[in-house]
Amino acid sequence: MSEMRIRPRQVLILIIVFLVILLIVHRNGKHTCQGPEFLQAIYARDNEKSLPKIYAITPTYTRPSQKAELTRLSHIFMLLSNLHWVIIEDANTTTPVVRNLLRQAGLSERSTHLNIKTPVGYKLKNKDPNWLKPRGVEQRNLALNWIRTNVNPEQRSVIFFMDDDNSYSVELFVEMMKIEPGRVGVWPVGLVGGLMVEKPILNEDNTHVIGFNAAWRPERPFPIDMAAFAISTDLLFKYPQAQFAYEVERGYQESEILRHITTREKLQPLANNCRDVLVWHTRTEKTNLVSEVKLNKEGKRSDEGMEV
Ligand code: UGA
Ligand code: MN
């Protein structure tokens, strides 16, 4: 009968494998506890007070998925203390859904909750409610007014138009903090304009924007999405006429505000020389409520006494 023998070499290999596993587990643990490197870097470099404030401007309207969308966004605010949320409801009053959400996320102090309804007459002019109506015009203009009256022009800050249904990386906001006074920062946006990514094209030295790859209406002065840029707030004070307008053609809202305050040459490329995608123009599908409608006809509802 042959005897089972463990050779020293096998023991050594086992020990090495064990040590490697231990090392991997240890390193991963460290990463989860301390957060990603880009966050560690900003908090190590600056103390929180010296970070530029970012005013994120979000128009929003009541629909079944609203709370889900806003909850997703609220987590970014929990990670970055220098973000202020200007949230404007497309409604005649502010609603408890949004109010509760801000309170429960601990954002009451770091948010401004406003409301203004898109004029009904305007909505009627356009037949296709999904596309043709410019969304968020009235709401973003109200937010711009609020910023012009409430933000200290001397304090370094940035404004960003943050739609409620897109997907944002926290890293995008870290990039915005690099925007220089008097400039507009730009970066790629994923899943928009019929492309995987719409992006600015840079010169050889990566210092300037010399064009854009947009396929949809590339003739626009700034053929980019609302999520593709953020503005140093001093420009809002310098150009008080800069705002959004109903009269402009579909897809021209971004160009409408930017044409007042900057030129293509002055844009500041960010996100690893416009090579990283840190925001995606996702759109939530319309919620299917066929069974809910049937319930409602029987005088019942699945969310009785609940906020969904
Ligand atoms: C694209 C751009 O990403 C928007 O920034 C731009 O406002 C819009 O086109 C446009 O020019 O009409 P899209 O996904 O088509 O976005 O628009 P939505 O996400 O439906 O709306 C943009 C924002 O306006 C959202 O935050 C949404 O909650 C809000 N909105 C939408 C209202 O406040 N009221 C509405 O009736 C519809
Ligand atoms: Mn959207």
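The values are calculated or read from the model by the stated rules, or taken from the named source; none is laboratory data. The shown structure was predicted, so the numbers you read here are calculated from the model rather than taken from an experiment. Don't worry about glycine lacking a Cβ; one is built from the backbone with ideal geometry, like all the others, and counts go over all protein chains shown. We work out accessible area using only protein heavy atoms, side chains counted, and drop any ligands, DNA or RNA first. Shrake-Rupley method; radii C 1.70, N 1.55, O 1.52, S 1.80 Å.
Taking the numbered list (1) touching a helix residue (DSSP H, G or I) at 6+ places or on another chain (Cβ under 6 Å); (2) open to solvent by less than 30 Å² (accessible area, probe 1.4 Å); (3) closer than 18 Å to LEU172 by Cα in turn, PHE38 passes all entries but (2). If the condition is being within 16 Å of ILE231 (Cα to Cα) and surrounded by fewer than 16 Cβ atoms within 10 Å (Cβ to Cβ), then region 135-153 contributes ASN145, ARG148, ASN152, PRO153.
Scan region 157-169 and give yes if some residue there is more than 16 Å from ligand 2 (Cβ to nearest atom), farther than 17 Å from VAL86 by Cα and buried (at least 17 other Cβ atoms within 10 Å of the Cβ), otherwise no. Show your work before the answer.
Quick first cut of region 157-169, residues more than 16 Å from ligand 2 (Cβ to nearest atom) only: 157-159, 169.
Then keep just the ones that are farther than 17 Å from VAL86 by Cα; that gives 169.
Of the ones still in play, those that are also buried (at least 17 other Cβ atoms within 10 Å of the Cβ) are 169.
Yes: one or more hits.
Consider region 254-295 and keep the residues that are hydroxyl-bearing (Ser, Thr, Tyr) and either over 27 Å from GLN243 (Cα atoms) or touching a Ser or Thr at 6+ places or on another chain (Cβ under 6 Å) (or both). The one that is farthest from ligand 1 (Cβ to nearest atom) is SER291.
Do we find a residue being under 19 Å from ILE159 (Cβ atoms), in contact (Cβ under 8 Å) with a residue 24 or more places away in the chain and buried (at least 19 other Cβ atoms within 10 Å of the Cβ) anywhere in region 91-101? Within region 91-101, not a single residue is under 19 Å from ILE159 (Cβ atoms), in contact (Cβ under 8 Å) with a residue 24 or more places away in the chain and buried (at least 19 other Cβ atoms within 10 Å of the Cβ). Only one entry in GLU249, GLU298, GLU304 is loosely packed, with under 14 Cβ neighbours inside 10 Å and within 16 Å of ligand 1 (Cβ to nearest atom), namely GLU249.
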